[in-house]
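As structure tokens, the structure follows; a few thoughts come after it.
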Amino acid sequence: MKIFYLSSSAFSDNQTSLLHRFSKQYEIIYSVIFPYKNSNYTPGEIESYCRKHSLSFIPFQLKYRFRNPLVLLTYFKIIRTIKRLKPDVIFFANFDQVYINILLRLVDKNITIVGMHDVVSHSNTSYSKLARLSKKVLLNYFKYFLTYSSIQQCVLKKNYPDKVTFRIPLPLIGFGEPKRPPVPERLVTFLFFGFILPYKGLDILLNSVRRIAQGNIKFKIIIAGRCDDWDQEYQGLIDDESFIEKQIRYIGNDEIPLFFARADYLILPYRDTTQSGPLMIAYNYNVPVIVSDAEGFKEFFEEGVTGYHFNMADSLGLDLVLLEALTRTSSNYAALKDRMEIYVNEKFSFKTIVNTYEEMFDQVHSN
């Protein structure tokens with residue numbers, strides 16, 4: 001069975017953990033759209049991955065920003081490529097761009113599955129009206145949809161009851177081992193990782209740090225990721241720089257393992273979430289997490305097993321959980337990591353995830 005798997009490089013972190021694991025009866029053609037700037041991967045990195053695993057690779061490099069109509073020239077090439085290759089199943093990972101979504105209506109909807117990471121957009125998302133429009137273009141036309149959480153599947157089925165929906169969680173996301181061993185941290189170290197956006201709640205974390213840093217306990221916060229408005233929104237929330245290591249920049253994929261190797265906990269103070277890439281990276285590297293009580297975490301998190309949560313309605317909720325982490329004994333922390341490893345192995349085995357994908361492809365192909 002020939003699968004044309006079309007995605008943006010924004011999602012390649014989880015796809016490169018997965019696509020090489022399909023059985024040989026599935027011929028995967030991995031086609032990746034690389035944005036004009038701020039791509040998580042280079043074409044060379046994805047080409048190297050595909051060559052290593054004998055996957056076909058077709059890159060499409062955008063020469064303009066997503067909102068520039070000239071990107072249609074590249075998108076037309078994608079449609080022509082799909083029609084020329086005549087795949088048995090088309091999989092498209094939606095990234096909320098209206099031009100590509102409109103043109104995809106030119107392919108056969110009876111063999112197309114649309115992966116919807118966010119059926120409903122996150123709060124305070126830039127260009128949210130365009131994102132909603134681009135989703136509607138797909139939801140009104142196609143009939144097969146993959147969601148990555150039960151919550152998102154329920155939302156889609158409620159609003160579009162005639163659609164066929166599948167649910168498969170994100171896989172574990174790994175970037176190999178650190179190229180150099182981490183220097184042992186003398187302090188308990190918390191990591192906030194990823195592109196910094198309002199819904200991710202970094203301000204919640206920084207306000208909490210301001211309060212607990214006034215005590216006698218020392219610790220470290222690493223903030224690693226791009227941010228378009230750091231000086232305006234976040235720098236002013238830092239009183240004592242000695243607690244914080246700032247890496248406000250693009251983080252190369254080869255750097256990611258070292259950041260997680262240095263962390264005792266990953267902090268996810270999100271105001272809302274559907275699923276979280278950083279969460280799956282933490283699970284891959286056996287780093288316990290501290291999460292908000294956002295609804296989207298509940299399906300993929302177990303209190304006292306994968307980490308701990310705080311109540312967003314309590315203004316001091318995160319303070320208390322951070323302080324508990326700072327006073328946790330080494331033996332209790334080691335036991336937490338043991339419990340987490342068992343949970344992750346049971347819930348996110350690649351064998352189960354791959355089998356579910358293959359069943360989805362088979363169902364669409366046979367209909």
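The values are calculated or read from the model by the stated rules, or taken from the named source; none is laboratory data. Computed from a predicted model, the values in this text were never measured in an experiment. Heads up, the Cβs are rebuilt from the backbone with ideal geometry, glycines too, and the neighbour counts pull from every protein chain shown. For the accessible areas, the whole protein counts, side chains as well, though only heavy atoms, and no ligand, DNA or RNA atoms are used. Shrake-Rupley method; radii C 1.70, N 1.55, O 1.52, S 1.80 Å.
Is at least one residue of the range 323-338 at pLDDT 95 or above, of a type in the set (D, E, K, R), within 30 Å of Gly115 (Cβ to Cβ) and open to solvent by 10 Å² or more (accessible area, probe 1.4 Å)?
No: the range 323-338 contains no residue that is at pLDDT 95 or above, of a type in the set (D, E, K, R), within 30 Å of Gly115 (Cβ to Cβ) and open to solvent by 10 Å² or more (accessible area, probe 1.4 Å).
Just for the range 260-314: of the residues that are small (Gly, Ala, Ser) and part of a strand (DSSP E or B), which one is farthest from the chain's Cα centre (by Cα)? I'd like the intermediate steps shown before the answer.
Going residue by residue through the range 260-314, those that are small (Gly, Ala, Ser) are 261, 263, 276-277, 282, 292, 294, 296, 304, 307, 313.
Next, only the ones that are part of a strand (DSSP E or B) stay: 292, 307.
Details: Ser292: 17, Gly307: 19 Å.
Within the range 260-314, the match that is farthest from the chain's Cα centre (by Cα) is Gly307.
When the residues of the range 163-203 are narrowed to those that are acidic (Asp, Glu) and at pLDDT below 95, which ends up farthest from Arg21 (Cα to Cα)?
Kept after step one, since they are acidic (Asp, Glu), are these residues of the range 163-203: 177, 185, 203.
Adding the requirement that they be at pLDDT below 95 leaves 177, 185.
Numbers: Glu177: 20, Glu185: 36 Å.
The qualifying residue farthest from Arg21 (Cα to Cα) is Glu185.
Identify all residues within the range 153-212 that are of a type in the set (D, E, K, R) and either touching a helix residue (DSSP H, G or I) at 6+ places or on another chain (Cβ under 8 Å) or assigned to a helix (DSSP H, G or I) (or both); write none if there are none. Steps first, please.
The first filter runs over the range 153-212 and keeps only residues of a type in the set (D, E, K, R), leaving 157-158, 162-163, 167, 177, 179-180, 185-186, 200, 203, 210-211.
Within the range 153-212, Lys157, Lys158, Lys163, Arg167, Glu177, Lys179, Arg180, Glu185, Lys200, Asp203, Arg210, Arg211 qualify.
Of the residues in the range 72-115, how many are closer than 12 Å to Ser31 by Cβ and among the polar types (S, T, N, Q)?
2
Can you name every residue in the range 23-58 that is of a type in the set (S, T, N, Q) and either under 21 Å from the mean Cα position of the chain (by Cα) or in a helix (DSSP H, G or I) (or both)? Break it down into steps so the answer makes sense when it comes.
First pass over the range 23-58, keeping only residues of a type in the set (S, T, N, Q): 23, 25, 31, 38-40, 42, 48, 54, 56.
Of everything in the range 23-58, those that are of a type in the set (S, T, N, Q) and either under 21 Å from the mean Cα position of the chain (by Cα) or in a helix (DSSP H, G or I) (or both) turn out to be Ser31, Asn38, Ser39, Asn40, Thr42, Ser48.
Considering each residue of the range 209-251, count those that are basic (Lys, Arg), under 12 Å from Ile196 (Cβ atoms) and in contact (Cβ under 8 Å) with a residue 40 or more places away in the chain, and give that number.
Step one: list which residues in the range 209-251 are basic (Lys, Arg), which gives 210-211, 218, 220, 226, 246, 249.
Keeping just the survivors that are under 12 Å from Ile196 (Cβ atoms) gives 226, 246, 249.
Subset that is in contact (Cβ under 8 Å) with a residue 40 or more places away in the chain: 226.
Looking only at that region, the number is 1.
I'd like the residue in the range 264-302 that is farther than 23 Å from Ile353 by Cα and open to solvent by 10 Å² or more (accessible area, probe 1.4 Å) and, out of all such residues, is modelled with the highest pLDDT.
Of the range 264-302, the ones farther than 23 Å from Ile353 by Cα are 264-272, 290-294.
The next check asks that each one be open to solvent by 10 Å² or more (accessible area, probe 1.4 Å); those that pass are 264, 271-272, 293.
Numbers: Asp264: 96, Arg271: 91, Asp272: 85, Asp293: 91.
The selected residue is Asp264.
Would you pick out the residues in the range 303-320 that are surrounded by fewer than 20 Cβ atoms within 10 Å (Cβ to Cβ) and either charged (D, E, K, R) or closer than 22 Å to Leu206 by Cα (or both)?
Of everything in the range 303-320, those that are surrounded by fewer than 20 Cβ atoms within 10 Å (Cβ to Cβ) and either charged (D, E, K, R) or closer than 22 Å to Leu206 by Cα (or both) turn out to be Glu303, Asn311, Met312, Ala313, Asp314, Ser315, Leu316, Gly317, Asp319, Leu320.
Please tell me if Lys218 is open to solvent by 10 Å² or more (accessible area, probe 1.4 Å), at pLDDT 95 or above and out of contact with any Pro (no Cβ under 8 Å at 6 or more places or on another chain). Spell out how you get there, then give the answer.
Numbers: open to solvent by 10 Å² or more (accessible area, probe 1.4 Å): yes; at pLDDT 95 or above: no; out of contact with any Pro (no Cβ under 8 Å at 6 or more places or on another chain): yes.
For Lys218, the condition - open to solvent by 10 Å² or more (accessible area, probe 1.4 Å), at pLDDT 95 or above and out of contact with any Pro (no Cβ under 8 Å at 6 or more places or on another chain) - is not met.
Within the range 1-22, take every residue that is assigned to a helix (DSSP H, G or I) and aliphatic (A, V, I, L, M) and give me the one that is farthest from the chain's Cα centre (by Cα).
Keep residues of the range 1-22 that are assigned to a helix (DSSP H, G or I), which gives 9-15, 19-21.
Next, only the ones that are aliphatic (A, V, I, L, M) stay: 10, 19.
Working: Ala10: 8, Leu19: 16 Å.
Within the range 1-22, the match that is farthest from the chain's Cα centre (by Cα) is Leu19.
How many of the residues making up the range 98-110 are open to solvent by 40 Å² or more (accessible area, probe 1.4 Å) and either under 16 Å from Ser9 (Cα atoms) or in a helix (DSSP H, G or I) (or both)? First the steps, then the outcome.
Filtering the range 98-110 down to residues open to solvent by 40 Å² or more (accessible area, probe 1.4 Å) leaves 99, 102, 105-106, 108-110.
With the extra rule that they be either under 16 Å from Ser9 (Cα atoms) or in a helix (DSSP H, G or I) (or both), the set shrinks to 99, 102, 105-106, 109-110.
Matching residues across the range 98-110 total 6.
Within the range 309-321, can one find any residue that is among the charged types (D, E, K, R) and closer than 17 Å to Leu170 by Cα?
To start, the set of residues in the range 309-321 that are among the charged types (D, E, K, R) comprises 314, 319.
Of the ones still in play, those that are also closer than 17 Å to Leu170 by Cα are none.
No, that holds for no residue.
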